[in-house]
Amino acid sequence: MKSKTKGLDKFAIAAALQEIAALLELKGGKDRFKARAYQTGARVIAGIGDDLGVIIEADRLTSLRGIGDALASQIKQLYLTGQSSVLRGLKKEFPPGIIELSGVPGLSIAKIAVLHEALGITSIAELKAAAKAGKVKSIKGFGAKTEQKLLEALADHRQREKKEQRLHLHRALATAEQIRNYLATVGDKLEIEFAGSLRRWKETVGTIRVVAKTTKPANLVEYFLRFPLIVQVEEQTKTTCIVRLAEGARVSLVAVRPAEFALALLTETGSQAHLAKLQKIANNGSAKINRGKSTTRTTVRPSAPKTEAELYRRWGMQFIAPELREDEGEIEAAPAGKLPEDLLAVDDIQGMVHCHTTYSDGKHSVEEMARAAEAMGMKYITITDHSPTAFYAGGVTIDRLKRQWDEIAAVQETVKVKILRGTESDIVADGHLDYPDKILEQFDVIVASIHARYKMDSAKMTKRIVTAMRQPVFKIWGHALGRLIQRRPPFECDVEKILDVIAESRAAVEVNGDPWRLDMEPRWLREARKRKIKFTISVDAHSTGALNNLKYGVGIARRGWVRKAEVLNTLSAKAFQKAVKPSSSF
């Protein structure tokens, strides 16, 4: 493979795969399943860290997750020739501009074909111009009423596009990393930071905000607008733009010169409530904060601050970490020096807590999980497979538990990382923990969670959890309120009453790093801190890859103002084991 001058890079290949997926979706029927495969392929290729050419040359495409033989063939075609036989065939079946125009209510594929044949329309902009000029009503099958309805639909379509489609945090982060990788290829010396909800580690992200420090802002924006995954440019100035990507993500880029970077990063990070209070303080300072609806304009004096920390110092405040900027008392605390200066960081964590293996519903063995944790520099890992009541997740019966413990002992002989034997014990309906007490006391660690009967009324659910938290064994309250972000709301219970009981019992609260859970919410973490309750940052990992959930757990904990000393798995293996041992004193 000596040359690929006719081919495409990974971002352009991903864009082509997205286009194939969109056209297959329009075909409908069984082709929708194929569309999902191409969508997956696009994400994988755009996010790949290795050299794509090396992977293709070594014929290793199918070793990538989600890429089969047929998809690999198209990726190879695109890489070598810049063309795809599948995409070429699909384009013959549809009129030009079908993907964009199909989003307009009332426009069928047949009508789009007629519009193209009669007026050469291939985009929403061209359709809007033609309708405003009164050209659409002259086409057979349309008429004045249809033209007016189209204009109304186009106006509604624009309004809907302005509404932010919120992405899960992990999806937003993956997309942002793709953008960072693309911008890094510009060749200029850049400093790129994520801002907005992503930088504040919110559970979902509406707009992925990127701030870039460069000596050539206009050139960088122009370069970014050539990013192959962009399907629509919503707004554009010389130094800013807002775009939509093929999968629907909304991205804002603000490119500024070095003197403007600190203030731009601050204003793009938000939150709006935080900035509004800062504005009152900043009015008499060295900088003016003026954040618009969709772009940021910053005015700085000649002695512009180089960092956000310097900005806060000029306003007589401690530096406020991005995760705290939610107008939850941080601005009042900062002038008095009352913000925690030892907020939890990823590097503080010494052990992976809440890990599943093939003994229940995990994808990897005890040894594979242990070695993966060891490779990440961890000192210990807890193996906490499901208990018997969770039969749907392969809950570990008592007889299988002994086999697991024997395997843990055998694996321990081959690895340095300490393996702690544990369970994710169901909190059953009456509040008791799964497994008899004599078994529970033999674990190194117990995560106590609810996996069924979420619809209990608040009083019954509160009693159920309180009963569990009062059990004499030490336990960690797992994914506390059972939420699945954008899928299932938290169940009803009296959280403050439960926290009061935990504060008096032998228990701690888990901060669950599974990006679909991120439970419990920061507001409740702050309430737990008031009661001096301890925490664990868990990965709730069902595979070796999910050990990377750690950063999400830490992010949520920081939003709850959690400090290093308040987290049990910042302790050494020996100290952690002593702190969480079911039969030991807390």
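General remarks:
- Unique match (being part of a loop (DSSP other than H, G, I, E, B), among the aliphatic types (A, V, I, L, M) and surrounded by fewer than 18 Cβ atoms within 10 Å (Cβ to Cβ)) among A452, A459: A452
- Pair list, Cβ < 7 Å and 6+ apart or interchain, from the stretch 396-408 residues that are over 14 Å from G362 (Cβ atoms) to residues that are part of a loop (DSSP other than H, G, I, E, B) and not aliphatic (A, V, I, L, M): T397/P388
- Annotation note: of A218, A212, the sole residue that is free of Cβ contacts under 8 Å to residues at least 40 places away in the same chain, of a type in the set (G, A, S) and more than 22 Å from I13 (Cβ to Cβ) is A218.
- Restricting attention to the stretch 363-411, the residues that are of a type in the set (S, T, Y) and over 14 Å from M352 (Cβ atoms) add up to 5.
- Failed criterion for A12 (all others in (1) within 19 Å of Y182 (Cβ to Cβ); (2) buried (at least 20 other Cβ atoms within 10 Å of the Cβ) hold): (2)
- Subset of the stretch 340-368 (residues that are more than 19 Å from V539 (Cβ to Cβ) and either surrounded by fewer than 18 Cβ atoms within 10 Å (Cβ to Cβ) or without any contact (Cβ under 8 Å) to a residue 24 or more places away in the chain (or both)): E341, D342
- In the stretch 532-586, residue nearest to R421 (Cα to Cα) [restricted to those that are surrounded by 22 or more Cβ atoms within 10 Å (Cβ to Cβ) and among the aromatic types (F, W, Y)]: F576
- Subset tally (residues that are part of a strand (DSSP E or B) and of a type in the set (S, T, N, Q)) for the stretch 218-244: 3
- The one condition in (1) under 26 Å from A14 (Cα atoms); (2) surrounded by 22 or more Cβ atoms within 10 Å (Cβ to Cβ) that Q232 fails to fulfil: (2)
- Scan of the stretch 343-387 for residues that are over 14 Å from V445 (Cβ atoms) and β-branched (V, I, T), ordered by number: V346, I349, T357, T358, V366
- The set of residues in the stretch 190-219 that are modelled with pLDDT of 95 or more and hydrophobic (A, V, I, L, M, F, W, C) comprises I192, F194, A195, L198, W201, V205, I208, V210, V211, A212, A218.
- Per-region count, the stretch 95-126, residues outside any helix (DSSP H, G or I) and among the hydrophobic types (A, V, I, L, M, F, W, C): 3
- Residue in the stretch 253-263 that is β-branched (V, I, T), surrounded by 15 or more Cβ atoms within 10 Å (Cβ to Cβ), under 30 Å from A42 (Cβ atoms) and modelled with pLDDT of 95 or more present: yes
- Selection within the stretch 42-101 - exposed (fewer than 14 other Cβ atoms within 10 Å of the Cβ) and more than 23 Å from R32 (Cα to Cα): G49, D50, D51, V54, E57, A58, D59, R60, S63, T81
- Taking the listed residues S102, S84, the one that is among the polar types (S, T, N, Q) and at pLDDT below 90 is S102, with no other qualifying.
- Note on the stretch 161-217: among residues that are assigned to a loop (DSSP other than H, G, I, E, B) and hydrophobic (A, V, I, L, M, F, W, C), the one that is farthest from P322 (Cα to Cα) is L190.
- Qualifying residue in the stretch 273-293 (condition: closer than 29 Å to A573 by Cα, crowded, with 21+ Cβ neighbours inside 10 Å and modelled with pLDDT of 95 or more): no
- Test: residue in the stretch 381-395 that is at pLDDT 95 or above, closer than 17 Å to K551 by Cα, surrounded by 24 or more Cβ atoms within 10 Å (Cβ to Cβ) and over 23 Å from the mean Cα position of the chain (by Cα): yes
The values are calculated or read from the model by the stated rules, or taken from the named source; none is laboratory data. Owing to the predicted nature of the structure, the values given are computational and were not obtained by experimental measurement. Positions of Cβ are generated from backbone atoms using ideal geometry, with glycine treated the same way; all protein chains shown enter the neighbour counts.
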